[in-house]
Amino acid sequence: MTRTGTGQRTSTGNPAGRTAAARTRRVRETARELLGFETFRPGQERAMQSVVSGRDTLAVLPSGAGKSAVYQVAGRLADGPVLVVSPLIALQRDQVARLEEVEVLAGSAAQLNSALSAGDQRAALEGLADGTVRYLFLAPEQLAKPEVVEAVAATEPALFVVDEAHCVSAWGHDFRPDYLRLGAVVEQLGHPTVLALTATAAPPVRAEIVERLGMRDPEVVVAGFDRPEIRLEVEQHADAHTKHEAVLDRVLGEVGGGRVPGIVYSATRKGTAELAGELGDRGLRARAYHAGLKKSEREDVQRAFMTDELDVVVATTAFGMGIDKPDTRFVVHAEPADSLDSYYQEIGRAGRDGRPALALLVYRQEDLGVRKFFAAGIPPEEELQQVAGLVAAAEAAGIEDGVDVKQLREETGRAATPLARDLNLLEQVSAVVLDEEGAAHPAEGAPDPGAAAAAARELAEHHERVDQSRVEMMRGYAETTDCRRQFLLGYFGEQLEHPCGNCDNCSAGLSQEQPVGDGADTPFPPQTPVEHAEWGPGVVMRVEDDRVVVLFEEVGYKTLALAAVTENDLLTRRG
Ligand SMILES: [Zn+2]
């Protein structure tokens, strides 16, 4: 194995081939041998090629686009073990199972997480060391343990895969503080080739992934997000009863027309049971699904859905991850999603076979904006300061085990949920470090409790603002009278030149041709970095004839009237 001064592998000795042409051939052969691929889905091959050439790669592929195939194939051609960091144990299990289905790779994958016995954890690391394990799936908190990093580093991993990479970004809708340490781990491992995978495309999230993972000169592969086969519709109703009836009617209509199966998303567990019951009363094969059901029942619902025994599953968003049923014909939302990121991911489960499908949102005005980022509210600064102070005091008193939520409860008399939130916030501002057991220690060079509390409070407000702005974008989608697909793709920074013709507004003749195209005739085309006098730096996400949507780092999404912008010089270009 050879590495250049920057730690990147050179093409000399690259087992996938010396030249780009040779590697192209090897990637195609391997994809055929492993997965029976004759053709690739958009973005897949480019991402594989980039990884096997030894280049750090960020692949933004919509869910269902076959992200795991990228590391399966590239990993097979890599010059050493492959580490796959994945946020959920269930997801890891699913990924290992998928590898086991590939004959050539069977037996070469293992998991490393806290759900395993100490013996199994040791066996996984030993397997990695002796070469029997090629793909190791692990939770990010495993990489907080120096002994694990050391053991893994000794095996000289060739490829470091970060799945659901948007979890590293405070901008992402799914931020996980555990992901923040991955950049440092990459360095500790001698900077193997990094492959970051995500389905979240918002440009600020991309930039943050690259920065936080310390990716060098990365190739960024973005597959198109448009799913023209999915028809987009929205229905607004004034009261809860008519909304409820509309959901039932529309589902009955789809099923009656033979367009099955489908998924109905409801925000609450109670809602899923009620809707499933009423659809059942009307003669449909309907089951409810949510995280509160027994595991055996959840598995039975999944199995029934996959084997065409159901017309519809009524579910909370717990249903979907790891479920791939390409002939799903409709996704109906009985409440808006918390963001367009989530909404897009959820409706993307329909029509993966490329045939027509329906994504329908049925909502009331009141349904928007009820969700709060912090269920328990933004913590007061005094509370954060007290928690930071207790963590520091324990360290000063020589208590090596740190402070956990249970102790904090005893000392403060507060409930566990807000205390866990406080610790997470303090961790995000580098005031405390949480260990494997969830106990808090002061971070190296931590600010004093007062400064830490101020920073954590500010961060909490930032989360809340950004989250609120996401809800506003969901509202914008629900209420736009223009082409919904243009709105949706615009949110992801992708400009659709003409109205789509496959949404309710297009069908009603409401959609206007936007005079933007390549954006040459507007002062702020999409993706322009801008600065606002009050809101600071941001990026233009969407341009319409009279307004512009900007994603600001501090305050999230804002819609500005272009007339006001030009009149008052509100925006300037950056860089
Ligand atoms: Zn349209």
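The values are calculated or read from the model by the stated rules, or taken from the named source; none is laboratory data. None of the values given here were measured: they were computed from a predicted structure. Neighbour counts run over all protein chains shown; Cβ positions are idealised from the backbone, glycine included.
Data overview
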| quantity | calculated |
| --- | --- |
| Criterion violated by I230 - all others in (1) within 16 Å of the ligand (Cβ to nearest atom); (2) over 30 Å from Q486 (Cβ atoms) satisfied | (2) |
| Residue match in the stretch 333-356 (condition: part of a strand (DSSP E or B) and among the hydrophobic types (A, V, I, L, M, F, W, C)) | no |
| So L489, is it within 21 Å of the chain's Cα centre (by Cα) and either modelled with pLDDT of 85 or more or exposed (fewer than 15 other Cβ atoms within 10 Å of the Cβ) (or both) | yes |
| Close pairs (7 angstrom Cβ cut-off, 6 or more residues apart or separate chains): in the same structural domain as L143 (by TED's automatic domain parsing) in the stretch 109-123, basic (K, R) anywhere | Q111/R93 |
| Count - residues of the stretch 11-32 that are in contact (Cβ under 8 Å) with a residue 24 or more places away in the chain, under 30 Å from R227 (Cβ atoms) and not small (G, A, S) | 3 |
| Residue check for H241: without any contact (Cβ under 8 Å) to a residue 12 or more places away in the chain and away from the ligand (no atom under 16 Å from the Cβ) | yes |
| E461 charged (D, E, K, R), within 16 Å of the ligand (Cβ to nearest atom) and either out of contact with any Lys or Arg (no Cβ under 8 Å at 6 or more places or on another chain) or farther than 20 Å from F175 by Cβ (or both) | no |
| Which listed residue is more than 12 Å from the ligand (Cβ to nearest atom) and either closer than 28 Å to A337 by Cα or in contact with a Ser or Thr (Cβ under 9 Å, 6 or more places away or on another chain) (or both), from G509, G538 | G538 |
| Failed criterion for Q95 (all others in (1) farther than 23 Å from Q142 by Cβ; (2) in a helix (DSSP H, G or I); (3) at pLDDT below 85 hold) | (1) |
| Hits in the stretch 24-58 - residues which are among the polar types (S, T, N, Q) and part of a loop (DSSP other than H, G, I, E, B) | T39, S53 |
| Test: residue in the stretch 327-342 that is surrounded by fewer than 18 Cβ atoms within 10 Å (Cβ to Cβ), closer than 21 Å to A357 by Cα and within 24 Å of the chain's Cα centre (by Cα) | yes |
| Within the stretch 239-297, tally of residues that are farther than 17 Å from L310 by Cβ and part of a loop (DSSP other than H, G, I, E, B) | 6 |
| Tally of residues being touching a strand residue (DSSP E or B) at 6+ places or on another chain (Cβ under 8 Å) and part of a loop (DSSP other than H, G, I, E, B) across the stretch 120-171 | 7 |
| R485 closer than 27 Å to A207 by Cβ, more than 16 Å from the ligand (Cβ to nearest atom) and touching a residue at least 24 places away in the same chain (Cβ under 8 Å) | no |
| Test set (1) surrounded by 18 or more Cβ atoms within 10 Å (Cβ to Cβ); (2) in the same structural domain as G256 (by TED's automatic domain parsing) - D353 fails condition number | (1) |
| Meets criteria (within 16 Å of the ligand (Cβ to nearest atom) and of a type in the set (D, E)) for E472 | no |
